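Here's the structure, in structure tokens; my notes come after.
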Amino acid sequence: MIDEILIKLNRVRGVGGAVVLTTDGQVVAGVLRQEVDDARLAAAVGTLLGHAQHLASTLRLAGGGPLHVQGELGGILALPVGKAWLAIVIDPGANLALLQLEARPFTEQLAAAIAL
Amino acid sequence: MESELERLRKKVENFPSASTFTRLAELSHDAGDAAGAEEWCRKCLRAFPRHGMAYVILADLQNAKGRTEDALKSLAAGLEKDPRLVQAHRAAAEILAKAGRTPEAVAELKKALVIKDDEQVRARLRELAGSASGSRPASPLAGAVPAAPRPTVPTAAPAAPFAQPVTTPFSRPAAPAQARALDHLAAEPGIRGVAVSDASGRVISTKGLPAGQDEALAALGAEVGRGAAMALTTTGGGGLGSWSVVTGSGQILAFTRGGQVTVLVLAEPTVRPAMIELRARQVLAELGAA
């Protein structure tokens with residue numbers, strides 16, 4: 001079921017792949033391009049989330065929300081889905097605001113699927 | 001290769017992505033199908049008109065067929081969509097150099113260097129500038145090569161022949177222009193405070209943040225930056241440009257160029273990141289990092 005949601009998410013313009021991961025960087029499910037290793041991506045995003053949460057808590061910012069990383073040739077958007085996280089690989093030139101809007105129903109579906 | 005082509009053809013039907021289209025173009029070209037490769041590029045551009053690399057691959061295909069002007073037009077179109085497409089400047093430089101249009105080639109390489117410092121580009125630029133000055137002794141090109149865009153901390157490495165002397169303000173109090181840029185950023189509605197840090201997470205300059213909080217933001221922000229760069233490596237996302245963390249009670253945004261200098265902004269959760277980015281990039285520019 002999670003895979004099916006990710007496959008549909010991959011059809012959204014600007015999405016280059018997606019992986020659901022636990023907070024410690026373990027892969028729950030992933031639909032990614034051949035050249036992207038889901039385990040490596042999940043581990044890297046898990047570590048990044050740890051650093052970001054440490055920073056947010058040190059600055060007394062409550063509640064974990066989206067994390068966005070932008071590079072010269074693409075980006076990564078990490079969104080909370082229940083107790084897990086969804087990391088979306090973003091194509092270069094994607095409209096981030098639109099993508100976040102379009103990703104919302106998928107995060108809701110994933111949160112429901114993970115809670116089952 | 002045929003099976004890989006077939007697999008990608010099926011994949012692109014179900015999950016169209018820019019990278020799959022460009023991979024198909026490359027594989028078709030490797031298989032000797034230049035027309036097919038060009039068609040995949042055009043399909044990619046129809047579906048993802050802002051995907052710059054498709055323009056570069058298309059230009060390469062056109063240039064290989066001797067369609068130099070078409071290739072240059074494709075590269076110009078790619079740069080229009082993505083002005084930071086360094087590969088397009090480099091490709092244009094090679095085409096122009098081959099056509100004997102050396103001054104234009106040099107100009108393209110300079111643009112590439114402004115976007116991203118690269119020793120290969122600098123070497124090529126020296127080569128082209130040298131050949132231009134050989135034919136025209138009074139050429140001003142050799143003295144006009146831009147300095148490497150990494151004016152962070154003084155380095156022990158020998159300066160490249162074209163490099164301008166590095167005068168970094170980072171270990172000293174901010175100069176008036178830098179202080180003004182920081183003031184403007186910190187004065188934006190919804191901004192709680194700003195810190196500028198170096199690659200090691202040390203505070204260079206700060207505005208509006210309580211003592212201690214600026215150091216925590218800079219130090220822990222550097223950790224996040226390193227993690228973000230590593231995550232981008234796994235996806236082929238290139239060098240880090242920015243990262244942001246949004247929570248219910250505030251957001252942290254960071255903008256960097258090459259990871260050497262980072263502008264970190266602590267803001268209300270409702271502030272629009274695009275507005276902050278404009279101001280933060282101004283600070284980076286004033287610091288000489290952009």
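Assuming R0 = 35 Å, what is the FRET efficiency of A:T22 and B:R202, from their Cβ-Cβ distance, to the nearest 0.05?
0.55
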Average partner chain C-beta neighbours within 10 Å, per residue of B:216-227?
5
Alpha-carbon gyration tensor eigenvalues x 5, square-rooted, for the stretch A:76-116, Å
21, 10, 6
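Restricting to Cα atoms and excluding each atom paired with itself, what does the Kirkwood estimate give for the stretch B:176-286 in Å? Walk me through the numbers on the way to the answer.
Numbers: mean 1/r = 0.0728 Å⁻¹.
Computed over the stretch B:176-286, the radius equals 13.7 Å.
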Within the stretch B:197-290: Cβ-based charge dipole about Cα centre, in debye rounded to nearest 20 (Lys, Arg +1; Asp, Glu -1):
180
Computed over the stretch B:2-144, Kirkwood Rh from alpha-carbon pairs, angstrom
16.1
Modelled FRET efficiency - R0 45 Å, B:A123 with B:E39, Cβ distances, 0.05 increments:
0.80
Rg(Cα) of the stretch A:1-68 divided by 2.2 N^0.38 Å?
1.23
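May I ask for the equivalent-ellipsoid semi-axes of the protein assembly as shown, computed as the square root of five times each C-alpha gyration tensor eigenvalue and listed largest first in whole Å?
Working: eigenvalues 254, 216, 46 Å².
Working from the Cα gyration tensor, I get semi-axes of 36, 33, 15 Å.
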Calculate, in nm to one decimal, what B:D183 and B:R46 gain on full extension: separation in residues at 0.36 nm each, minus their alpha carbon distance.
45.0 nm
May I ask which residue of A:A62, A:P80, A:T47 lies farthest towards the positive end of the charge dipole of the stretch A:2-115, with charges of +1 (Lys, Arg) and -1 (Asp, Glu) on Cβ and the Cα centre as origin?
A:A62
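Determine the shielding of peptide A:80-93 by partner chains: average, over its residues, the number of Cβ atoms on other chains within 10 angstrom of each Cβ.
Other-chain Cβ atoms within 10 Å of each residue's Cβ, averaged: 3.
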Roll a 1.4 Å probe over the protein chains and send me the accessible area per residue for the stretch B:188-290 in Å².
38
Per residue solvent-accessible surface (Å²) - the stretch B:2-144, probe of 1.4 Å
48
Among B:277-285, B:3-11, the order from most to least packed when residues are scored by Cβ within 10 Å on average:
B:277-285, B:3-11
Arranged from highest to lowest average of other beta-carbon atoms within 10 Å per residue, in what order do the peptides B:119-125, B:109-115 appear?
B:109-115, B:119-125
In whole percent, and with a 1.4 Å probe on the protein chains, what portion of the accessible area of the protein assembly as shown is carbon and sulfur?
55
With Rg and the Kirkwood Rh both taken from Cα atoms, where does Rg over Rh land for chain A?
0.94
Would you mind giving the total buried accessible surface between chains B and A, with a 1.4 Å probe and ligands, DNA and RNA left out, rounded to the nearest 100 Å²?
3600
Across peptide A:7-18, how many C-beta atoms of other chains are within 10 Å of each residue C-beta, on average?
3
Build a GNM of chain A with springs between Cα atoms under 10 Å: which of A:D24, A:D91, A:D37 gets the top mean-square fluctuation?
A:D37
For the stretch B:21-65, size of Cβ-based charge dipole, Lys and Arg +1, Asp and Glu -1, in debye
260
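If you place +1 on the Cβ of every Lys and Arg, -1 on the Cβ of every Asp and Glu, and leave all else neutral, what size is the dipole of the stretch B:2-144 about its Cα centre, to the nearest 20 Debye?
Here the stretch B:2-144 has a charge dipole of around 420 debye.
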In percent, how large is the relative contact order of chain A, given Cα pairs closer than 8 Å and 6 or more residues apart?
30
Say a site is exposed when it is one of the trypsin sites (Lys or Arg not before Pro), sits in a DSSP loop, and has at most 12 other Cβ atoms within 10 Å; what is then the longest site-free stretch of chain A?
A:12-59
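The values are calculated or read from the model by the stated rules, or taken from the named source; none is laboratory data. Please read all numbers here as calculations on a predicted model, not as lab measurements. Methodologically, a virtual Cβ is constructed for each residue, glycine included, from the backbone with ideal geometry; neighbour enumeration extends over all protein chains shown. We work out accessible area using only protein heavy atoms, side chains counted, and drop any ligands, DNA or RNA first. Shrake-Rupley method; radii C 1.70, N 1.55, O 1.52, S 1.80 Å.
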